[in-house]
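Student: Just dropping this structure here.
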Amino acid sequence: MINKLKIKKNNFLKIMSCYDATSVTMAKLIGCDAILVGDSIGILNLGYKNTTDVNLKNLIEVLKIIKKVTSLPIIADLPSHSLKNNQLAISHAKKLIKYGANIIKIEGHDEISQLVATLTKKNIDICTHIGITPQKYSTKKTPAEYARIAREHECSGAKLIVLSKMSNASNKKVSENISIPIVGYKNTNFCHGKVDVMYAALGLLKGDEIKININQQSTVFKQLINFFQKKS
């Protein structure tokens, strides 16, 4: 399934986090290349305070819905609690695949390389997520360090890498040192594509943080206000 995401000339990968049948339908209509079932669902849909509160069951329930309504590749986050040890991570990754995921996304840097290699050997396609990692605290690294980590992930078997809120210099350095596709979150310079949550793509959220912070000046929000106003 990862083959569907191969870079073609002038093709900019579009990946959107979706949580229900309606958002998946919109993603298809705008020509998205893949759906992300991300742990942002915890904050934006389930009322959790942090993405770390999301568990495997939460993601599986969403996967079941989304798998019914799309043939697009589905990328699923591996929840933070799944990373307690490699045995648990492998078990949970297999369950996500069973219920519809085609690619497993794992947040982290040097500490996940061995897991990426292990899952790759089990024929599970992996997307890694470096830079700002909401699941865990991570110190900011230099462009050269990010490039080294990305290269290590590629050598371990990763087929795709998300660069999360990284600088232009870091994005450029990574792009020069690996051959697999990279997609940007909040900064797409030097990337092959873009990933974001549906509500941000609609302009409904303010700022770059994953939280319910409604942009009341957005066109969509103003349309909602107008829709429910009493007509004379």
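Every number in this text was worked out from the coordinates using simple rules, so none of it is lab data. Predicted, not measured: the structure shown is a model, and the values here were computed from it. Cβ coordinates were reconstructed from backbone atoms using ideal geometry, including for glycine residues, and neighbour counts include every protein chain displayed.
Student: Please list, in order along region 189-194, the HN-Hα scalar couplings obtained from phi with the Karplus expression 6.51 cos²θ - 1.76 cosθ + 1.60 (θ = phi - 60°), rounded to whole Hz, x for Gly and Pro.
Tutor: Whole-Hz 3J(HN,Hα) from phi for region 189-194: 4, 6, 9, 8, x, 9.
Student: Evaluated at 37 °C with a viscosity of 0.692 mPa s, what Stokes-Einstein diffusion coefficient in µm²/s does region 185-232 have when Rh comes from the Kirkwood expression over alpha-carbon pairs?
Tutor: Translational D for this selection: 263 µm²/s.
Student: Another question, if that's okay. For region 13-227, taking Cα atoms only, what is the radius of gyration to one decimal and the Dmax to the nearest whole Å?
Tutor: 16.7, 54
Student: Dipole size in debye (nearest 20) for region 13-227 around its Cα centre, Lys and Arg Cβ +1, Asp and Glu Cβ -1?
Tutor: For region 13-227, the charge dipole is close to 220 debye.
Student: Arranged by the count of other C-beta atoms within 10 angstrom, fewest first, what order do SER167, SER91 take?
Tutor: Placing the least packed residue first, the sequence is SER91, SER167.
Student: Say R0 is 30 Å: what FRET efficiency, to the nearest 0.05, do ASN226 and ILE65 get from their beta-carbon distance?
Tutor: So the FRET efficiency works out to roughly 0.50.
Student: Where a Cα-Cα gap under 16 Å defines reach, which lysines qualify for LYS28, not counting those fewer than 8 residues away within the same chain?
Tutor: LYS4, LYS14, LYS67, LYS68, LYS194
Student: Let me ask another. Taking 25 Å as the cut-off for C-alpha to C-alpha distance, list the pairs among LYS121/LYS211; LYS94/LYS141; LYS136/LYS211 that go past it.
Tutor: Flagged as over cut-off: LYS121/LYS211; LYS94/LYS141.
Student: Just for the chain, what percent of DSSP beta bridges are antiparallel, to the closest 5?
Tutor: 5
Student: Show which aspartates and glutamates lie in cross-link reach of LYS159 when reach means a straight Cα distance below 13 angstrom and same-chain residues fewer than eight apart are skipped.
Tutor: Result set, ordered by chain and number: ASP125.
Student: Ranked by Cβ crowding within 10 angstrom, fewest neighbours first, how are SER82, SER156 ordered?
Tutor: SER156, SER82
Student: Could you work out the helix-only [θ] at 222 nm for the chain, with each DSSP H run of four or more residues adding -39,500 (n - 2.57) and the total divided by the number of residues, to the nearest 500 deg cm²/dmol?
Tutor: -10500 deg cm²/dmol
Student: Give the residue from PHE227, GLY184, MET198 lying farthest towards the positive end of the charge dipole for region 172-232; charges sit on Cβ (+1 for Lys and Arg, -1 for Asp and Glu) and the dipole is referred to the Cα centre.
Tutor: In region 172-232, that residue is PHE227.
Student: Which of ILE66, ILE43, ILE75 ends up with the largest GNM mean-square fluctuation for the chain, with Cα atoms connected below 10 Å?
Tutor: Comparing ILE66, ILE43, ILE75 in the GNM, the peak value goes to ILE43.
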